[in-house]
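Worksheet: the structure to be examined is printed underneath.
The values are calculated or read from the model by the stated rules, or taken from the named source; none is laboratory data. Please read all numbers here as calculations on a predicted model, not as lab measurements. As a convention, Cβ positions derive from the backbone with ideal geometry for all residues, glycine included, and neighbour counts pool all protein chains shown. We work out accessible area using only protein heavy atoms, side chains counted, and drop any ligands, DNA or RNA first. Shrake-Rupley method; radii C 1.70, N 1.55, O 1.52, S 1.80 Å.
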Amino acid sequence: IKKIAPKAEDFLYFTAIMMHASERSLYDENGNLLKNADGSDVWAKWEINEKTGSWKWVCSNPAIKPYKNANGDSFPENQLKIAYKKWIGKPLCKDHQSSSVDGIRGIILDTYWDNKHKRIIALCALDKVNYPDLATKVAIGTAHDCSMGCGVGKAICFNCGNVATTEDEYCNC
């Protein structure tokens, strides 16, 4: 961490949950695997259609859908485990404002994969000198949501299976 951003009084340090894996929906709030009606462990997997590149969630309990974030996005656990360290050293931005430096409020110092709860937790440093209102809200807990920025090679609609490689190809679902 000292290489990325040495500790300084100008920053508020905090942890935030960046995202949960799709498979989070298979567990209760304590991180225990759910059970099927017959008492067996619930299971799920992603089936990949080699022809279209689309992914389909298959679960032993059809009522369980993959976990989705507030934007309606879902990320397979195996992909998050590959990517989660790539956020280290990236900017902490305000409201998805990552296209210019004007949206930067701090830095992501470290990330951790929480296997029990199928999520990524980030250690962040927020510039409290230049953004005191935001720092106060984070410190007292009124600002507690965190959204990660990401680039993906393709986005697949869970509802219709549409595969998009650009925003123009997104469906209306």
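Which links in K85/K137; K45/K81; K7/K90; K85/K118 stretch past 19 Å when you go from one Cα to the other? The partial results should precede the final answer.
On the way: K85/K137 27 Å; K45/K81 15 Å; K7/K90 16 Å; K85/K118 15 Å.
Beyond 19 Å: K85/K137.
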### Task
Could you work out the local net charge near C157, counting Lys and Arg as +1, Asp and Glu as -1, over the other residues with Cβ closer than 15 Å to its Cβ?
0
### Summary
Taking only protein heavy atoms and a 1.4 Å probe, the highest-to-lowest accessible-area order of Y84, Y67, Y112 is Y112, Y67, Y84
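Provide H144, H20 ordered by accessible surface of protein heavy atoms (probe 1.4 Å), highest first. All intermediate terms of the calculation are to be shown ahead of the outcome.
Details: H144 125, H20 35 Å².
Sorted by accessible area, descending: H144, H20.
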### Query
What relative contact order, as a whole-number percentage, does the range 1-126 give when Cα pairs under 8 Å and 6 or more residues apart are counted?
32 percent
